[in-house]
Amino acid sequence: MRFSSTGICTKLVVSTMAQTTRRQFVRQMASATAALHAFPMHMLAEGGSPAVPEIASRLDPAAIRKLASQVRGRLITPETPNYESARLVFNRAFDRRPALIVRCAGAPDVVRALEFAQNQNLPLAVRGGGHSRAGFSVCDGGVVIDLSSMNRVAVDAGKRVARAESGALVRDLDHATQRFGLATTSGGCPTVGIAGLTLGGGEGQLMAKYGAACDNLISAQVVTVDGRQVEASQNSNPDLFWAIRGGGGNFGVVTGLEYRLHPVTDVLAGTLMCPPGRIPELLEAYAKFVARAPDEVSIVGAVLPSEQGTRFRMLYFHCGPTRQGIEVLKPLRALKPEVDDVRVKSYQEAQVAGFLSSPVTHFQTDLFLPELTADAIATITTATNNAPPNTRAFIVPFFGAITRVGLSETSFALRRPGYELDIVGLWNAAAEKAAAVEWVNSLRDKLQPLSRGVYVNQLGDTSEELVRAAYGSNYARLGEIKKKFDPQDVLRLNQNIKPA
């Protein structure tokens, strides 16, 4: 996959960064190496690796200088002016301090960073958009492979194909493709990285019509832990291609992705917010609506506790003819929402509506309900009527194209109709954390007997049991592929699949 502008392929460079010369790198790293030894001890916010000085003291200054001379990107250390901002991730519950951030300019930099981390026996994190719910985009005292500067997106409008570097965000991909009236399934939050989204499966407003993000992946460029640069597709390394479509970053560092695009321009979309006190009735009506919804619809629900009572919000999205979308909407409008701003808007405008784009401090977990049964509705209602502030439950229905892909066709295992439930607790002060986390876990535990699986991209906690639940019968094959491509489990800061 190359980012050329030949033929009708239009290259859209989303952002660039000034390149530092190798001489500047060497000068920077000479002072940085000394600073690493003097860097003050910081306590860990959420567990993890030893703090920076303990590991930094074992770093080889010559190895750092060599790395600086080999990469085209930028090395960021604790003494670099932008270190504090560079280490932050979307979930501010994690306050980790890596010893070295390698802001890569291309795949060769990824190769060098992988080699350095392994030679120095350092923890290794990979960052695209930095939205990992469990904080896996950063590590304490180790190396972060930061792909954020690798964010170019090229669109071949004639072939309806987009080629994106893996540091691109959802907004970068949408901006590039919408210039041609095209789109592919991607997350609603504009600052989510497309690589992490796609590798974990990839929910989005187009998934009932066109499948998950991973279903629209044509090929990927991958750097393996032994430094090879390979293509993963149906024709090249098909086992790796199968694994990365749902299996996350367990098998290599993805540096480029090629997507199938679809014609999408204006859509009918907006928010419907219902008055408090009607949650059981509204959830029952919501489930009936989903059962009849056409593939053109996305309807994400949110149960939102507040001091005024628990409200139910629906984000309605319809990518077909407007007249059809208005007709489909009638049962929801019959519920007499107190807010109804559904209207025709651009796809890009609909993509950013209703989603947090600013960093937040939160804990989130996930489960998948095959049905919104009376028991499930009662459990959600009781929990949200007695919830601490800043807690919520998001409901993402699965129907249409995403459920028509066979369970074993990709490693992404959520292929049956049902409801993915994201249970979230946010806090603004440390004293609020315990109550928020307890509420999230309590609701998850009460719904667990009714659930069948989880979505790895929405897990803020991790365990082998949860990972196995995410992949079900696909887990054994994933373990074999992990053994082939990463037998030493170098890439383990993720929802980890153990080598078989």
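Based on protein heavy atoms only, the range 206-272 ends up with 27 Å² per residue of surface accessible to a 1.4 Å probe. With the highest mean first, a sort of the peptides 315-328, 131-144 on other beta-carbon atoms found within 10 angstrom per residue produces 131-144, 315-328. I need the shape label for the range 360-435. Rule: rounded when a/c is under 1.5, else prolate if a/b > b/c, else oblate, with a, b, c from the alpha carbon gyration tensor. It comes out oblate by the Cα gyration axes.
In the full protein context, the range 348-420 carries 39 Å² of accessible surface per residue, based on a 1.4 Å probe and ignoring ligands, DNA and RNA.
Taking the charge dipole of the range 214-368 about its Cα centre, with +1 at Lys and Arg Cβ atoms and -1 at Asp and Glu Cβ atoms, the residue from 316, 218, 256 reaching farthest to the positive side is 316. Out of (1) 69, 58, 41; (2) 74, 63, 50; (3) 101, 53, 39, which label holds the value of Cα extents along the principal axes in Å that was computed here? Label (1) holds the value from this structure. Under the criterion of Cα pairs below 8 Å and six or more residues apart, the relative contact order for the chain equals 14 percent.
As a length-normalised measure over Cα pairs under 8 Å and 6 or more apart, the relative contact order of the range 433-500 settles at 28 percent.
Counting protein heavy atoms only, the chain has 50 percent of its accessible area on carbon and sulfur, 1.4 angstrom probe.
Here the contact order of the range 370-500, divided by its residue count and restricted to Cα pairs under 8 Å and six or more residues apart, works out to 23 percent. Calculated accessible area for the range 439-495 comes out at 47 Å² per residue, all protein chains present (probe 1.4 Å; ligands, DNA, RNA ignored).
Think of the range 133-183 as a dipole: +1 on every Lys or Arg Cβ, -1 on every Asp or Glu Cβ, centred on the Cα centre; then among 173, 138, 158, 158 lies furthest on the positive end. Between the range 372-417 and the range 57-134, the C-alpha centres lie 36 angstrom from each other.
The values are calculated or read from the model by the stated rules, or taken from the named source; none is laboratory data. None of these values were measured; they are calculated from a predicted model. Please note: Cβ atoms are built from the backbone with ideal geometry, for glycine as well, and neighbour counts cover all protein chains shown. The protein model used for the area step is the full one, side chains on, heavy atoms only, and it has no ligands, DNA or RNA in it. Shrake-Rupley method; radii C 1.70, N 1.55, O 1.52, S 1.80 Å.
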